Amino acid sequence: MTITLTPSPEQDELRATARRILSKSLASWPNGVVEGVDAFDEDLWRQLAESLGATGILVPASLGGFGGTLPDLTGVLLECGAAATRTPLVATVLAAEGIIASGNDDAAQARLPELAAGALIGTVALPESHGPFLRAENSDAGWTVSGTTQQVLFGARADLLVVWARGSDGPAVFMVDGTSAGVTRTPLPPIDLSRNIARLDLESASATLLCSGAAAEAAARSVFELAAFCLAAESTGGAQRCLDITVEYAGVREQFGRLIGAFQAIRHRLADVFTEVEAAKSVIAYAAALHAAGDPDFSIAASIAKSHCVEAFHRAANDAIQIHGGVGFTWEHEVHWHFKRAHSANMLFGTATQHRDRIADLLDF
Amino acid sequence: MARLDLGTDLEEFRAELSDWLVASAPPGLADVTDWYRDVTILAGSNRQGRLDAYQSALYREWEAILMNNAMIYPHWPESVGGRDWSTTQTAILSEECFRLGIPRVRRGFSADLVATALLTHGTADQQTYFLPRIIRGEDRYCQGYSEPNSGSDLAAVETKGVVEGNEIVITGQKVWTSEFEGCNMMFLLCATEQDKPKHKRLTFVLLPFEESNNVTIRPIRQMTGGAEFCEDFLDGARAPLFNVIGAFGNGWQVALSTLDTERTGEAVVSYLGFESQFYRLLALAKENGAAREPRLRDRLVQSYIRTQVMRYQGQDTLARISSGIAPAQHCLSAKLLWSEHHAALGNLAMDIVGPDSMVRPPWGAGPDPYDVDEWQDLFLASRGGTIYAGTNEIQRTIIADRALGLPREPRQS
């Protein structure tokens, strides 16, 4: 099994296009703060989905997608992380992955084209990551799903929910329409204003069965690992951004008649951040390459990425605040957005510590 | 295990090379020792084992085979005894040797440095004289940079060189010379242009490193108990002017080129050594139950992640070299990564071993009066890793300057 680590010209181009689109978001900092708990940057979302096709990169070309691989998506995620975007891109990518991983052709043909086009917002609720299993029941009228899931990414605006529920035959994957009867979507006020979260209360909501048993468990694993990777990639982009703006600031801010970037205390601290950010970039590139090659080691690499990259992001954002001094502690400066994003990136889909525990299990420590 | 896609030509090269290695290596060579156990320049508790292995008949036989096939330093030009291989091809040689558990034969880590100096600043005559001698093992080099008053501040060296006729006469003291045993040559920096500015007064010289040339060495005993460094007293040691590389007063530039030496193939295999070392500690932690203790378990995974970062970055470097892309900036942080990983792994090893880590192996187990076991040795020796090869503080300064472009610290010239 061989892998490729250096980005292709097409991947570089895709990333550059994403950067162009996102530069407007960076220029209008802070984006989308004031619009309410379930709002997001709709203009940016349309551009990412429609102009760039980011939502469809991993969707097969026959179903309206780009038929790409994870390294194709990686550049977009790094840029989204740097710009601290508030869009349901990752949530929608994960919903599509849930359908793809379930192997249900009918569902794929019915819903993937819309998800790929960004015409639908999707999200997922995994057992363990989002509370206990939902309950599934089958009757003459079809399947229904009941129960409560917590901290669902962009759940209040999701048109399509991919959820895991346990019925009499064990675990299974279902699709539920976000607007159908029996679904209550409650936006929760998030500490990170760029990642909306919601509680979903389902009461006999009508659901479409995608797959069950071992296939459902495999699909959950696949979505969980992709989620870990996406958050790690966004974190890496965010960490790089924190380093960049802090280096820039240290090159213009003077104290004691000297640029603060000439003080060893600042230089060495930033050198350590650099080391962690470079490691994060390597981890992301390698994990994406393993995924593209269909290498089973992606399972471990995704957890390595989640563990390393969110911690590198936390450190980069923390040190950015410290080195910016009082300015870095103000609401107006962008750096607290990154700090808060590092926190939500850590909490969603397994913390860094939980992923290390998972690595130990996978490697039989 | 995933492998880098290097293209059809290099994969064919790999397959042919691997067949050749299997056919040519003396049977049993892989069983002599674990050739990849030492991951840094210090062999520490494995010192005697390493010496014995290098003196074994099978190693000698393998050395002769590689020498006859110009495979000691195959990336050197054919004119000096190499094969004009690319860096990638040599890296593949390192990978395949590792995979087969057989050693690459090289002439100490200082040989790579002096070769860079010769290939970038030496004349054709100097290259064709000195490099083949290294390959044949006739000249074995140690490094003469550090001095008692000049460690991190390398350009401050005080050792003096004076021209007398067609010789340069060198007087001064060098220190922290590693891999000094068996060396007969030293490359060094000395001050020859006293009236010039700090960085323009230095000259790079290849010095016959022998007692008969007024060189006295004194081993330095380290905190590990071993003596793997020495200090060197040069009291009118002489070298022909032919041995001056890159002109008088240009020594700083020559020295800088050696500091940037890419240890060919090393980045590709060094993580493998760190990985196998990690797995040895993990085996111990599983055996004595420490791996089930949540805090130790988490630290084990953190160390494992560090070994994987080194793997990813080593592979990325190889990918870039093979496609002619400039090396990534992470090359600048590699030294911080491995040395701090090593220190952390040493600490972890002591916690995994527990109170028994206070007790050294029984008296008489080895030749040294302060024998330590592998993990005690790692715990102690890793304190040196953050100092030698450019202290980690110097590495951070290099990152701040070169990678981040931060304003320079004020310096006295």
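Summary table below
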{"quantity": "Candidates A:R46, A:R86 - the one that is within 18 Å of the chain's Cα centre (by Cα) and part of a helix (DSSP H, G or I)", "calculated": "A:R46"}
{"quantity": "Exclusive hit being away from every other protein chain (no Cβ under 14 Å), without any contact (Cβ under 8 Å) to a residue 60 or more places away in the chain and under 30 Å from A:S139 (Cα atoms), set A:S212, A:S222", "calculated": "A:S212"}
{"quantity": "Filter result (more than 8 Å from every other protein chain (Cβ to nearest Cβ), closer than 18 Å to B:E340 by Cβ and among the β-branched types (V, I, T)) within the range A:252-308", "calculated": "A:V273, A:V277"}
{"quantity": "In the range B:1-30, the residues that are more than 14 Å from every other protein chain (Cβ to nearest Cβ), part of a helix (DSSP H, G or I) and in contact (Cβ under 8 Å) with a residue 40 or more places away in the chain", "calculated": "B:F13, B:L17, B:S18, B:L21, B:V22, B:S24, B:L29, B:A30"}
{"quantity": "Every residue from the range A:297-335 that is surrounded by 21 or more Cβ atoms within 10 Å (Cβ to Cβ) and small (G, A, S)", "calculated": "A:A301, A:A302, A:S303, A:A305, A:S307, A:A312, A:A316, A:A317, A:A320, A:G328"}
{"quantity": "Count - residues of the range A:280-292 that are closer than 16 Å to A:Q11 by Cα and touching a Ser or Thr at 6+ places or on another chain (Cβ under 8 Å)", "calculated": "7"}
{"quantity": "Residue, farthest from the other protein chains (Cβ to nearest Cβ), within the range B:330-348, restricted to residues that are over 28 Å from B:A291 (Cβ atoms) and either of a type in the set (K, R) or in contact with a Leu (Cβ under 9 Å, 6 or more places away or on another chain) (or both)", "calculated": "B:K335"}
{"quantity": "Among (1) touching a strand residue (DSSP E or B) at 6+ places or on another chain (Cβ under 9 Å); (2) outside any strand (DSSP E or B); (3) of a type outside the set (A, V, I, L, M) - the single one A:C242 does not satisfy", "calculated": "(1)"}
{"quantity": "Residue check, A:D41 in contact (Cβ under 8 Å) with a residue 40 or more places away in the chain and away from chain B (no Cβ under 14 Å)", "calculated": "yes"}
{"quantity": "In the range A:309-365, the residues that are closer than 20 Å to A:I284 by Cα and of a type in the set (D, E, K, R)", "calculated": "A:E311, A:R315, A:R341, A:R356, A:D357, A:R358"}
{"quantity": "Meets criteria (in contact (Cβ under 8 Å) with a residue 12 or more places away in the chain and part of a loop (DSSP other than H, G, I, E, B)) for A:T74", "calculated": "no"}
{"quantity": "Positions within the range A:217-258 being surrounded by fewer than 24 Cβ atoms within 10 Å (Cβ to Cβ), of a type in the set (A, V, I, L, M) and farther than 30 Å from A:R19 by Cα, in sequence order", "calculated": "A:A218, A:A220"}
{"quantity": "Failed criterion for B:R320 (all others in (1) more than 20 Å from A:S307 (Cα to Cα); (2) within 8 Å of chain A (Cβ to nearest Cβ); (3) buried (at least 19 other Cβ atoms within 10 Å of the Cβ) hold)", "calculated": "(3)"}
{"quantity": "Failed criterion for A:S129 (all others in (1) in contact with a helix residue (DSSP H, G or I) (Cβ under 8 Å, 6 or more places away or on another chain); (2) within 20 Å of A:L44 (Cα to Cα) hold)", "calculated": "(2)"}
{"quantity": "Subset tally (residues that are touching a Lys or Arg at 6+ places or on another chain (Cβ under 7 Å) and assigned to a helix (DSSP H, G or I)) for the range B:37-66", "calculated": "1"}
{"quantity": "Residue list for the range B:281-325, filter: small (G, A, S), over 23 Å from B:D373 (Cβ atoms) and in contact (Cβ under 8 Å) with a residue 12 or more places away in the chain", "calculated": "B:G314, B:A319, B:S322"}
{"quantity": "Single condition B:E211 does not satisfy, out of (1) touching a Ser or Thr at 6+ places or on another chain (Cβ under 6 Å); (2) surrounded by fewer than 17 Cβ atoms within 10 Å (Cβ to Cβ)", "calculated": "(1)"}
{"quantity": "Residue within the range B:397-412 that is closer than 30 Å to A:E248 by Cα, more than 12 Å from chain A (Cβ to nearest Cβ) and not acidic (D, E) present", "calculated": "yes"}
{"quantity": "Subset of the range A:100-158 (residues that are farther than 24 Å from A:A181 by Cβ and part of a strand (DSSP E or B))", "calculated": "A:E128, A:S129"}
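Residue by residue, here is whether (1) without any contact (Cβ under 8 Å) to a residue 12 or more places away in the chain; (2) among the hydroxyl-bearing types (S, T, Y) holds:
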| residue | (1), (2) |
| --- | --- |
| A:T4 | no, yes |
| A:E13 | yes, no |
| A:I57 | no, no |
| A:G67 | yes, no |
| A:P88 | no, no |
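Each row is one residue, and each column tells you yes or no for (1) in contact with a Ser or Thr (Cβ under 6 Å, 6 or more places away or on another chain); (2) touching a residue at least 24 places away in the same chain (Cβ under 8 Å); (3) β-branched (V, I, T); (4) surrounded by 21 or more Cβ atoms within 10 Å (Cβ to Cβ).
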position	(1), (2), (3), (4)
B:A57	no, no, no, no
B:I65	yes, yes, yes, no
B:N68	no, no, no, no
B:W76	no, yes, no, yes
B:G81	no, yes, no, no
B:L93	no, yes, no, yes
B:V114	no, yes, yes, yes
B:A117	yes, yes, no, yes
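Computed from the coordinates by the stated procedures, all read-outs in this text should not be read as laboratory data. Treat the numbers as computed from the prediction; the structure is a model and nothing was measured. Glycine also receives a Cβ, built like all others from the backbone with ideal geometry; neighbour counts cover every protein chain displayed.
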